[in-house]
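As structure tokens, the structure follows; a few thoughts come after it.
Computed from the coordinates by the stated procedures, all read-outs in this text should not be read as laboratory data. Everything numeric in this text was worked out from a predicted model, so none of it was measured. Cβ coordinates were reconstructed from backbone atoms using ideal geometry, including for glycine residues, and neighbour counts include every protein chain displayed.
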Amino acid sequence: MRRRRRRGSLIVLLVLLVTTMAVPALGLAWLWQWAEVEAEPPPTTTTTLPEGYDDPAPELDTELLSMRRGGAEELAARARDDAYRAVLQPFFDAVPEGSCAAIDIDGVRFADVRAGLAVVPASNQKLLVAAVALEVLGEDHRFRTELRGPQPVDGVITGDVYLVGGGDPLLVTADYVDPSPLPAINTTSIEPIADALQAAGVTQIVGDVIGDGSRYDDEFAVPSWGPDFVLGAEAGPYDALMINDGRTFADSTIGFNPNQSAARQFIRVLQARNITVTGRSRNGTAPADGSVAVLAGVDSVPLSDVVDELLQTSDNNTAELLVKEIGFAVRGEGTRVAGLQEIWNTLAEWQVPLDGVALDDGSGLSRNDRLTCNAIVAILEHLGVDSELTRSLPVAGESGTLAAELIGGPGEGSLAAKTGTLTGVRALSGFLPTDDSVMTFSLVLNGAGVDEPGYYQPLWTRLVTLLDGYPIGPHADEFAPP
């Protein structure tokens, strides 16, 4: 349709405005008001132009300021996002009731399903512990184990000696064979303490070797793990002094008290160096009255390497001891309750959404633990893809708990994530960098049979394939005007 044109006095006014530039401003204002009042109403029929009359420029197909002309890239991005959401939807529909999933792209929530639902996280719980430990303790923190006792005289230490634990979860003897499917890495050898005694000429200890784990309380396992939980099979007994995961000898024999078990292990190490101990192994607390001195000590690897071990092997004992160390460092209380409270406080400071979250242990073995996909993704986003924790995560098809997973798929060698497994629970949360973006995700499955490979593996593969496929859809040039 051709443009309608004003007639009469309005045309006169326009001519005056163009040809009479010297007219005072007040007069122009008066003329404009007059023209608006006197102008005839627009016609209700189409104006017919004379034959041969050139019509002004035709109607534009789009507004001058439209997204099509000024924001083709934004239009294309919206179209790609809509297309990607459509592709994701069948996956989200396949996530079972009682489970959650969430995907962020470059730090922004893109899509989710039941992301605020409180679910049992299994070992995804360790993400919280690792993140807060690095924050509170610092990545250079080391755990120190010391031997204290009377000074030796002519090669003889007369009196009891105390092996004092500093919370090192990875203290081992050189002959220890870890029976776990994923043996501990970055361990601390106890041998240097015995070597120092031997180098000092010590040949005999006339007294007992006492294991001191008084840095922490004597809760050697989490009560909510239940009566069916077998100590040593998954975790515990643990304390501030623990050698060979609390085992009594260099085998799978589990001692009831980790401090006494550690003292027994240390006697074996001393005997291998021809240092005789006349007494026995037991547990106790070193005196603080200055009657004993530090005879030798050994430091763990930095906390960054301990966290690497925690996440790569999903070490339950390491997780529980880190919780207690957090409590000790911040509150002076080496307890699970103090550590979990500080973890909660730190997450709140990070503005992690905590609705529905419940913390009962550090390892995720407790079925009283509750996390949401919102909380997990928020923690990962707070840390970022280049954080120390992220560098410690297992990598698909390459390392840790993901070494045998997602092989041959698009995430192999690039997806970094924490797994989680309990009966009826399977979790995978982490990062997948793509060519253009960083995909942060959490998938926590709860329900009968979800931990079976035939159930969770197809879902994992489907998720990673979708993550790797972003973006999809049209390019900006498809939206540019002709």
Original post:
Quick one: what does P(r) look like for the range 144-301 with 5 Å bins over all Cα pairs, in whole %?
Top reply: 2, 10, 19, 23, 20, 13, 7, 4, 2, 0, 0
Original post:
Near the amide H of GLN204, under 5 Å away, which other amide H atoms are found, from residues 5 or more places off or on another chain, if H is placed in the peptide plane?
Top reply: ILE157, THR276
**OP:** Using packing as a proxy for protection, rank 282-293, 227-238 so that the peptide with the highest average count of other Cβ atoms within 10 Å comes first.
**Re:** 227-238, 282-293
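In what sequence, highest mean first, do 410-422, 460-472 appear when ranked by Cβ atoms within 10 angstrom?
Packing order, densest peptide first, comes out as 410-422, 460-472.
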Subject >> Cα centroid separation, the range 314-377 to the range 269-311 (Å) >> reply: 27 Å
Subject >> Compactness of the range 231-286 as Cα Rg over 2.2 N^0.38 Å, two decimals >> reply: 1.12
Original post:
For the range 390-405, in order, what is each residue's ³J(HN,Hα) by Karplus, 6.51 cos²θ - 1.76 cosθ + 1.60 with θ = phi - 60°, in whole Hz (x at glycine and Pro)?
Top reply: 4, 5, 8, 6, x, 10, 4, x, 10, 9, x, 5, 9, 4, 9, 10
Original post:
With each label point set 7 Å from Cα along the Cα-Cβ vector, what nm distance links TYR455 and ASP82?
Top reply: 3.7 nm
Subject >> Under Karplus coefficients 6.51, -1.76 and 1.60, residue-wise ³J(HN,Hα) of the range 74-83 in Hz, glycine/proline x >> reply: 5, 4, 5, 4, 5, 5, 5, 5, 4, 5
Subject >> Cα Rg over Rh - the range 148-200, Kirkwood >> reply: 1.08
**OP:** Quick one: which residues, 5 or more positions from LEU295 or on another chain, have an amide H under 5 Å from its amide H? H modelled 1.01 Å from N in the peptide plane, none for Pro or chain starts.
**Re:** LEU147, ARG148, GLY149
**OP:** Could you go through the range 226-233 in sequence order and give the Karplus-derived ³J(HN,Hα) for each residue, using 6.51 cos²θ - 1.76 cosθ + 1.60 with θ = phi - 60°, rounded to whole Hz, and x for Gly and Pro?
**Re:** x, x, 7, 6, 9, 4, x, 6
Subject >> In nm, spacing of pseudo-spin labels at ALA348 and THR465 (7 Å Cα→C-beta vector) >> reply: 4.5 nm
Original post:
How do 216-222, 172-178, 274-280 rank on mean C-beta neighbours within 10 Å, highest first?
Top reply: 216-222, 172-178, 274-280
